[in-house]
Amino acid sequence: MDNPNFSIEFFPPKTPEGAEKLRATRTKLSALKPKYFSVTFGAGGTTQRGTLDTVVEILAAGEDAAPHLSCVGGTRESIRDILAEFKSHNIKRIVALRGDLPSGYGAAGEFRYANELVEFIRQETGDHFHIEVAAYPEVHPQARSPQDDLQAFERKIKAGANSAITQYFYNADAYFQFVEQTNKLGINVPIVPGIMPITNYTQLMRFSDMCGAEIPRWVRLKLASFGDDSASIKAFGLDVVTALCERLLKGGAPGLHFYSMNQAAATTALWQRLV
Ligand code: FAD
């Protein structure tokens with residue numbers, strides 16, 4: 001598929017074995033020629049080293065890579081240091097987030113919301129970085145209202161973000177509505193749908209409860225009916241998510257961002273259906 005905004009997300013491995021496994025996953029996914037890989041960042045800097053190491057390794061392999069950077073729990077000084085380190089490794093793209101502090105982690109730090117981080121990155125580093133921010137077609141779970149959330153998104157773009165990646169969703173209409181509303185506000189940056197392949201029912205339900213993604217009733221019931229039959233869950237999940245991606249691309253989505261969960265198989269299968 002000739003799509004300029006096709007990207008794949010990893011989380012940083014915690015062990016040497018995990019790093020080895022991720023290397024193998026990346027080699028397989030590189031064959032799909034994504035525009036870049038992104039690597040998540042634990043709020044409060046818990047995975048900071050792992051994020052940077054993973055990004056640097058991907059860059060060294062000749063692929064483009066973007067670290068995520070969450071500001072919650074951070075200070076201006078700590079974020080300044082991280083930005084300097086990113087620059088020293090010739091990193092050019094960042095996914096800028098507020099993040100969520102693990103409960104009992106401590107103080108919120110000097111940044112309250114992601115727009116403040118975007119503003120700070122621009123102040124400190126000018127146009128060096130291409131900045132991606134998060135978008136929530138089904139509304140962020142802590143938002144006071146959908147309108148408030150849309151305004152929060154607008155602030156991030158006005159602060160200097162270049163493009164956005166959405167939280168995953170399975171209701172295409174929520175995405176199209178969101179894009180339409182942003183266009184009405186004069187926002188024209190690419191808003192790339194985040195795509196979560198369906199491979200594991202329990203895990204999907206847990207994640208979706210946390211991040212506010214709705215699993216349509218018919219999908220949920222069907223998945224539950226398969227019980228432990230993992231092959232049927234994966235086959236049905238592939239059909240559902242392929243149809244979603246096709247609809248999104250046909251409707252004008254500027255690309256797709258795959259939450260790979262450090263696995264190559266589901267993203268590859270999806271991609272092969274789409275080309
Ligand atoms: P914000 O845009 O700051 O919004 C957070 C909430 O605050 C929203 O409810 C918003 O409506 C509200 N809000 C914003 N401004 C105001 C204001 N002035 N007054 C009142 N309310 C306001 N988390 C990680 O820890 N690490 C990662 O690597 C990571 N990667 C992600 C990648 C993507 C593509 C996505 C979609 C999410 C990712 N997350 C990650 C999760 C993210 O950190 C959480 O969803 C977090 O709760 C919100 O981050 P944000 O950047 O969207 O925050």
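Please treat every number below as a calculation from the coordinates, not as lab data. The model shown is predicted, which means the values in this text are computed figures rather than measured ones. Heads up, the Cβs are rebuilt from the backbone with ideal geometry, glycines too, and the neighbour counts pull from every protein chain shown.
Residues in the stretch 109-119 include none that are more than 25 Å from ASP81 (Cβ to Cβ) and more than 8 Å from the ligand (Cβ to nearest atom).
Of everything listed in (1) surrounded by fewer than 18 Cβ atoms within 10 Å (Cβ to Cβ); (2) among the aliphatic types (A, V, I, L, M); (3) within 22 Å of ILE8 (Cβ to Cβ); (4) touching a helix residue (DSSP H, G or I) at 6+ places or on another chain (Cβ under 8 Å), the single unmet condition for MET205 is (3).
The number of residues in the stretch 160-174 that are touching an Asp or Glu at 6+ places or on another chain (Cβ under 6 Å), more than 10 Å from the ligand (Cβ to nearest atom) and more than 16 Å from VAL241 (Cβ to Cβ) comes to 1. The residue that is farthest from ASN115 (Cα to Cα), among those in the stretch 61-77 that are touching a residue at least 12 places away in the same chain (Cβ under 8 Å) and part of a loop (DSSP other than H, G, I, E, B), is ALA61. Inside the stretch 162-212, residues that are without any contact (Cβ under 8 Å) to a residue 24 or more places away in the chain and outside any helix (DSSP H, G or I) make up a count of 2. For ILE215, are the conditions met, namely being over 22 Å from PRO12 (Cα atoms) and either touching a strand residue (DSSP E or B) at 6+ places or on another chain (Cβ under 9 Å) or surrounded by 14 or more Cβ atoms within 10 Å (Cβ to Cβ) (or both)? Yes: the conditions hold for ILE215.
If you filter the stretch 48-73 down to residues that are β-branched (Val, Ile, Thr) and either crowded, with 19+ Cβ neighbours inside 10 Å or within 15 Å of the ligand (Cβ to nearest atom) (or both), you find that the one that is farthest from GLU9 (Cα to Cα) is VAL72.
Among the residues making up the stretch 175-192, those that are out of contact with any strand residue (DSSP E or B) (no Cβ under 9 Å at 6 or more places or on another chain) and over 15 Å from ASN162 (Cα atoms) are PHE176, GLN177, GLU180, GLN181, LYS184, LEU185. For first residues located in the stretch 33-52 and in a loop (DSSP other than H, G, I, E, B), partners that are within 11 Å of the ligand (Cβ to nearest atom) and among the small types (Gly, Ala, Ser) and lie 6+ apart or on another chain with Cβ distances below 7 Å form the pairs PRO34/SER7; LYS35/SER7; PHE41/SER70. Of all residues in the stretch 133-159, those satisfying the criterion of being near the ligand (Cβ under 7 Å from one of its atoms) and among the basic types (Lys, Arg) are ARG144, ARG155, LYS156.
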